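Participant: A single structure is presented below for examination.
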Amino acid sequence: MENKKMSVKDLVNVGVFTVIYYVLFMISLMTGFIPVMAVFFPVLLALVGGIPCILFYTKVKSFGSVTVMGVLMGLAMFLMGYGFVPLLIGSGCGLVADLVMRAGGYRSFRTMLLGYVIFSLWVISAQIPMFLMGAAYAEMSRETQGDEYVEALAALLGRQMIPIVIAATVVAAIIGTYIGRAVLNKHFKRAGIV
Amino acid sequence: MQRNVAIGEMEAFIRFDPRTKIYIVCVLNIIGINKADNLTGFALGVVTVGVSLALTINMKCYRAALVYTLIYLLVFSSEKLLGYISGMSIPGIIIRLLVPVILRMLPGVMAAWYLIRTTKVSELLAAFQKMRLPAVVTIPFAVMLRFFPTIGEVYRCIQDAMKMRGIGIRNGVLALVEYRLIPLMMSIVSIGSDLAAAAVTRGLGSQIRRTSYCRIGFRFIDVIMILFMSVLLLAGIAVRNMPLN
């Protein structure tokens, strides 16, 4: 069962769930207009994204689906002008998450939880340019805005934020998984979709 | 569908091969991520914007082209205006965060939009097959493209239904998730399984190489475009490796 090749149904499923996840991603990204959320939107995505992702993982039966979802999200980011980095990190996170879930035979909740946490981290790749260039960017407005402003902006955008965002995303992804499971039990089992 | 933005239905003045369009998207996305500090970089930026603008005009989206030009002029002049807006105010922060992002990304995004709007899904699939991309990636990608309008359609129906039941945003964010996202997912999943059945009927699952009704091939105009984009790509890489200032 594990070594079965992906069928067309699996491929269509990947596409469908990636679209739902992508829409949630765009909604989270839009909250980035609020300045603090530009840094912490992966947290929101990890929380809400748990619902489609956990439903998706319960439907996965063969290796590859989760990897392809990562690749597709990377591709979508590439088309949105984020460059190649999200494509690489997205595929990588998808592959690792897929391997983890395969270890649980795609049936164990624990590996699903771990897999979703790993998968959720791909979003950080969308922010890497911001973190790497943020400090330099803040520096540009030192003349007009003063030292205090530069330090505040650099503190928010500097690369020291990367571990904080990762930690927050991990916590949110764990909560998101439980939300996803609760929703799954409440709605989808009853509707006979799972 | 009331909206006329069905994917791939746009007619263009000059029709390019889908592979040429993919190449344009790649090049613009790569050189878009550039610091336009020196004069060469600036000139390159102008050419990049020009290309994406020409593509927008090519697919006959004149209004979009106008808006795009205005956004660019606005964003560009806002960099000059920044000195007058306090960096601590909310608009100041937003402009500061968004302007460089928009400057870098917009050309690539416009090219991607062009690719998606002027290429039929079956044309795109045929092109992917000629590029020997694995079906594991191309089929879900095509499904994604097909599902974006569907999601909008389904969402509008759900919104109407929930309005009738009196469930709106005032019931809280959780209700929004439970009564919007979950019905949406349910419909999309069942539409998805119908689509999977339809795809099998069309022979997507077979081991044999598919033939396609869409005839795609490189023409003279494609060659010119590819050469031009290659020059642009090389110039972009050269500018990036140039010492700043």
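The values are calculated or read from the model by the stated rules, or taken from the named source; none is laboratory data. No experiment lies behind these values; they were computed from the predicted model shown. Cβ atoms come from the backbone with ideal geometry, glycine included; neighbour counts cover every protein chain shown. Ligands, DNA and RNA are stripped out before the accessible areas are found, and what is left, the full protein with its side chains, is counted by its heavy atoms. Shrake-Rupley method; radii C 1.70, N 1.55, O 1.52, S 1.80 Å.
Participant: Residues in the range B:161-182: is at least one at positive phi and surrounded by fewer than 16 Cβ atoms within 10 Å (Cβ to Cβ)?
Facilitator: yes
Participant: Pull out all pairs, ordered by first then second residue, where Cβ-Cβ is under 6 Å, the residues are six or more apart or on different chains, the first lies in the range A:4-17 and is more than 7 Å from every other protein chain (Cβ to nearest Cβ), and the second is of a type in the set (Val, Ile, Thr) and surrounded by fewer than 20 Cβ atoms within 10 Å (Cβ to Cβ).
Facilitator: Every condition considered, no pair remains.
Participant: Still on this model: Quick check: is even one residue across the range A:19-28 surrounded by fewer than 22 Cβ atoms within 10 Å (Cβ to Cβ), within 30 Å of B:Glu153 (Cα to Cα) and away from every other protein chain (no Cβ under 11 Å)?
Facilitator: Yes, there is a match, as at least one residue in the range A:19-28 is surrounded by fewer than 22 Cβ atoms within 10 Å (Cβ to Cβ), within 30 Å of B:Glu153 (Cα to Cα) and away from every other protein chain (no Cβ under 11 Å).
Participant: Could you please give the count of residues in the range A:159-193 that are surrounded by 14 or more Cβ atoms within 10 Å (Cβ to Cβ) and within 13 Å of another protein chain (Cβ to nearest Cβ)?
Facilitator: Residues in the range A:159-193 being surrounded by 14 or more Cβ atoms within 10 Å (Cβ to Cβ) and within 13 Å of another protein chain (Cβ to nearest Cβ): 8 in total.
Participant: Moving to a separate point now. Could you count how many residues in the range B:7-40 are open to solvent by 60 Å² or more (accessible area, probe 1.4 Å) and at pLDDT 80 or above?
Facilitator: Qualifying residue count for the region: 3.
Participant: Let me ask another. Pairs needed: first member in the range B:41-69, under 20 Å from B:Lys120 (Cα atoms) and at pLDDT below 85; second member anywhere, part of a helix (DSSP H, G or I) and not charged (D, E, K, R); C-beta distance under 7 Å; at least 6 residues apart or different chains.
Facilitator: These pairs meet every condition: B:Met59/B:Tyr114; B:Met59/B:Thr118.
Yes/no matrix, rows are residues, columns are (1) within 11 Å of chain B (Cβ to nearest Cβ); (2) farther than 22 Å from B:Ala135 by Cβ; (3) within 14 Å of the chain's Cα centre (by Cα):
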| position | (1), (2), (3) |
| --- | --- |
| A:Phe41 | no, yes, yes |
| A:Gly64 | yes, no, no |
| A:Met69 | yes, no, yes |
| A:Leu75 | yes, no, yes |
| A:Met80 | yes, yes, no |
| A:Phe84 | yes, yes, no |
| A:Ile89 | no, yes, yes |
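Participant: Considering only residues of the range B:148-160 that are at pLDDT 85 or above and of a type outside the set (Val, Ile, Thr), which is surrounded by the most Cβ atoms within 10 Å (Cβ to Cβ)?
Facilitator: B:Tyr155
Participant: Hey, any hits in the range A:105-115 for a residue that's among the aromatic types (Phe, Trp, Tyr), more than 13 Å from chain B (Cβ to nearest Cβ), open to solvent by 30 Å² or more (accessible area, probe 1.4 Å) and over 30 Å from A:Leu153 (Cβ atoms)?
Facilitator: Within the range A:105-115, one or more residues are among the aromatic types (Phe, Trp, Tyr), more than 13 Å from chain B (Cβ to nearest Cβ), open to solvent by 30 Å² or more (accessible area, probe 1.4 Å) and over 30 Å from A:Leu153 (Cβ atoms).
Participant: Just to be sure, is A:Ile124 modelled with pLDDT of 75 or more, under 24 Å from A:Leu47 (Cβ atoms) and either of a type outside the set (Lys, Arg) or not in a helix (DSSP H, G or I) (or both)?
Facilitator: Spelling it out, A:Ile124 is indeed modelled with pLDDT of 75 or more, under 24 Å from A:Leu47 (Cβ atoms) and either of a type outside the set (Lys, Arg) or not in a helix (DSSP H, G or I) (or both).
Participant: Among the residues of the range B:188-245, which ones are within 14 Å of chain A (Cβ to nearest Cβ), open to solvent by 100 Å² or more (accessible area, probe 1.4 Å) and not β-branched (Val, Ile, Thr)?
Facilitator: Passing the criteria: B:Asp194, B:Arg202, B:Gln207, B:Arg240, B:Asn245.
Participant: Output the number of residues of the range B:102-140 satisfying the condition of being outside any helix (DSSP H, G or I) and either open to solvent by 30 Å² or more (accessible area, probe 1.4 Å) or within 12 Å of chain A (Cβ to nearest Cβ) (or both).
Facilitator: 5
Participant: Let me ask you something else. Which of the residues that make up the range B:144-172 are of a type in the set (Val, Ile, Thr) and facing chain A (nearest Cβ under 10 Å)?
Facilitator: Selection gives B:Thr150, B:Ile151.
Participant: Suppose the filter is of a type in the set (Val, Ile, Thr) and either farther than 26 Å from A:Ile162 by Cβ or more than 14 Å from the chain's Cα centre (by Cα) (or both); does A:Thr18 pass it?
Facilitator: Against the criterion (of a type in the set (Val, Ile, Thr) and either farther than 26 Å from A:Ile162 by Cβ or more than 14 Å from the chain's Cα centre (by Cα) (or both)), A:Thr18 does not qualify.
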